[in-house]
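Notes to accompany the following structure.
Values in this text are rule-based calculations from the coordinates and carry no lab data. Please read these numbers as outputs of a predicted model, since none were measured by experiment. Cβ sites come from the backbone with ideal geometry, for glycine too, and all protein chains shown count toward neighbours.
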Amino acid sequence: MTAQLPAEAPPPAAVAGPPSSPVSTLLPRPVHAAPDVRGGAAAPPGKRSRGAPRLRALDGLRLLAALMVAAYHLGGRGGEIAKAWGSSPAHQFPTLHVVFAYGCLGVQIFFVISGFVICMSGWGRSLRSFVASRVSRLYPAYWVAVLLVTAVFALPWVAFKALGPSDVLTNLTMLQQPLGAKRVLGVCWTLWAEMRFYALFALCVILPGATRRRVVLFCAGWTLAAALAQAAHVPALDVVLMPQYAPFFIGGIGCYLLHRYGGRDPVAWAVVGVSWLTGQHYAVAGLWHPPSPGAFSYRSALVIIAIVTAGFALVTAIALGRMRWADWRWLTVAGALTYPFYLVHEHLGWVVVQALHGGLRLPSYAVLVLTVGLMLGLAWVLHRWVERPLAPVLKRALDPPPTGRAAARPRSRR
């Protein structure tokens with residue numbers, strides 16, 4: 001969810017082993033041309049397609065996942081949002097609160113997208129370039145969001161209380177969860193999962209150099225290790241291997257293999273299929289509960305499976321070029337707003353809901369729409385005035401461009 005799509009999608013590799021070699025039993029031959037999501041001329045094998053179009057459908061799916069999560073936080077659960085509404089969201093949205101309760105599955109869709117994007121953007125990068133890319137993408141908007149929520153919650157007329165200085169400072173590292181500090185942003189637990197995924201991918205794939213064999217072995221090894229960690233009940237293994245989230249990241253990587261090497265790839269299909277099967281298991285195990293009068297809502301196991309399946313299916317369709325018709329320019333803007341919107345919508349949404357519903361007495365559905373619209377507007381401000389100016393500066397500081405003789409040497413693709 002949090003990963004930014006690169007401007008180009010790399011073409012398929014130009015080298016494959018002969019049909020009878022051991023390599024060819026694991027690696028399919030490259031497709032004859034790189035898929036072009038716009039349906040125009042494709043790049044010949046082994047040639048990089050300069051200016052290859054952005055996968056705008058993936059941007060749109062990211063926004064859809066973010067809106068799902070926002071619906072969950074503002075109308076599909078209890079907790080602090082009930083204080084903002086003045087009563088349970090189940091009373092504010094007697095029918096739709098049941099639908100909104102499934103919005104939490106937007107996180108799983110984010111993780112599938114992240115697996116796809118990180119594999120795509122990390123292929124061919126150096127470790128330093130990869131780290132600089134991730135840090136410059138995640139931290140500028142995150143720092144401002146942490147400080148902004150803290151400042152708003154510190155206002156005397158706001159019902160929600162700010163955290164203490166030590167917790168706020170710890171939150172700036174994005175390591176508050178393992179360090180045991182309180183969270184300024186409730187959604188930051190997903191960023192901790194993303195960071196662990198980045199670390200695993202960097203150590204196992206980026207550092208030794210991305211190849212198809214290495215990526216496939218990484219997916220197979222992580223799948224098996226995550227299953228063993230689940231069976232072992234060792235907390236340290238759960239922290240590192242994330243068995244409940246690993247299938248979604250791995251499934252996204254498998255989708256990228258389909259995108260890079262074409263759809264006639266049984267190994268990539270196996271990666272996606274096994275990840276979907278295990279992912280739906282963890283989603284149902286974590287989110288389903290039997291009907292209960294005391295529960296906020298009841299989630300059906302079949303609906304959970306259907307949403308997880310839809311997430312995998314949509315990313316797979318995008319990977320295979322089936323969504324190339326969704327090439328609207330506004331989706332690029334939507335994708336750019338997704339991360340800052342995700343950061344600010346929950347906690348600042350509480351404040352807006354309380355002001356509009358409790359203060360101005362606006363109807364619940366109008367408040368919901370206005371709150372989402374205002375948070376998207378704030379996300380645009382953060383993107384325009386924080387991410388766009390600061391991210392390149394931070395990236396250059398962490399991975400400065402070469403000078404002198406080094407500038408003439410080829411560098412890894414950014």
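If I take R0 = 56 Å and measure r between the Cβ atoms of Leu374 and Val234 in this structure, what FRET efficiency does the formula 1/(1 + (r/R0)^6) give, to the nearest 0.05?
FRET efficiency, Leu374 to Val234: 0.80.
Please state the shape class of segment 311-393: rounded when a/c is under 1.5, otherwise prolate if a/b exceeds b/c and oblate if not, all from the C-alpha gyration tensor.
It is oblate, given that a/c is not under 1.5 and a/b is not larger than b/c.
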